[in-house]
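What follows is a single structure, written as structure tokens, with notes after it.
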Amino acid sequence: MAQAAAELIGDGEAVIVDDGTTCAALAARLAGRPIQALALSLRAAGELAARPGADVVVPGGPVRPVALCFRGAQAVEAVRDFRADVAVLGACSAAPGHGLTATEAEDARLKRACLETAARRILLVSPEKLERSSVHRFGRIEDVSVLVTGATARPRHLEAFRAAGVQVVTVAPE
């Protein structure tokens, strides 16, 4: 899935890379490419900066232990100040009928800022995240430009995204 998302990003674009394992895998595939990137986790920043090519910045602010992701008002402000061509976001859940949700309010605020600032928004989630909902809503499925998910996603979930005008990309398991 990370490779499919990387192929949707053009050289020279300004990209927000969300936190999470799948977004860190995306960052590894973007390393060395001529992009400007705002990395919302230390893992993504490290992957992006592993090879010369990308101009990588981090938002600052508190870092959540273990997840190594940025949170708080400083991170939200940095996202709002970054004029992104594309934001690649994960989500705790993205169930049709419930929208895009996160388990923590701070996470939802940061993701909402990403949706607001980016011209294109790629949602990068595994199929099981289309099956559930979390408590903090940060967007609607129609706020997404492209959904990248696994080929095992249920057809009714994919159709809901398509009906909302979202391009759907499914990827076979590796």
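Estimated from the Cβ-Cβ distance and a Förster radius of 25 angstrom, the FRET efficiency linking Ala67 and Val171 is about 0.55. Highest GNM mean-square fluctuation among Leu115, Leu123, Leu68, for the chain modelled with Cα contacts below 10 Å: Leu68. A Gaussian network model of the chain, with springs between Cα atoms under 10 Å, assigns the largest mean-square fluctuation among Thr149, Thr101, Thr22 to Thr22.
Sorting Ser93, Ser126 on the 10 Å Cβ count, fewest up front, what's the list?
Values: Ser93 20, Ser126 15.
With the fewest neighbours first, Ser93, Ser126 line up as Ser126, Ser93.
Translational D (Stokes-Einstein, µm²/s) of segment 10-77 at 37 °C and 0.692 mPa s when Rh comes from the Kirkwood sum over C-alpha pairs?
Working: Rh = 11.6 Å.
Translational diffusion coefficient: 282 µm²/s.
Could you work out how far the C-alpha centroid of segment 134-174 sits from that of segment 16-59, in angstrom? Cα centroid to Cα centroid, the span is 23 Å.
For each of Val135, Val63, Val125, count neighbouring Cβ atoms within 10 Å of the residue's Cβ, then give the residues from fewest to most. Walk me through the intermediate numbers first.
Numbers: Val135 12, Val63 16, Val125 23.
Going from sparsest to densest Cβ surroundings: Val135, Val63, Val125.
Note on semi-axes √(5λ) of the Cα gyration tensor in Å: of the candidates (1) 23, 18, 14; (2) 35, 20, 17; (3) 40, 19, 13, the value calculated from this structure sits at (1).
Go ahead and estimate [θ] at 222 nm for the chain from helices alone: -39,500 (n - 2.57) per DSSP H run with n ≥ 4, summed, over the residue count, rounded to 500. Can you show the working numbers first?
Details: 6 runs with 53 residues, N = 174.
Calculated at 222 nm, the ellipticity per residue is -8500 deg cm²/dmol.
For the chain, a Gaussian network of Cα nodes joined below 10 Å ranks Gly90, Gly12, Gly60 by mean-square fluctuation, and the top entry is Gly12.
Values in this text are rule-based calculations from the coordinates and carry no lab data. Please read all numbers here as calculations on a predicted model, not as lab measurements. Because the Cβ atoms are built from the backbone with ideal geometry, glycine has one as well, and the counts that use them run over all protein chains shown.
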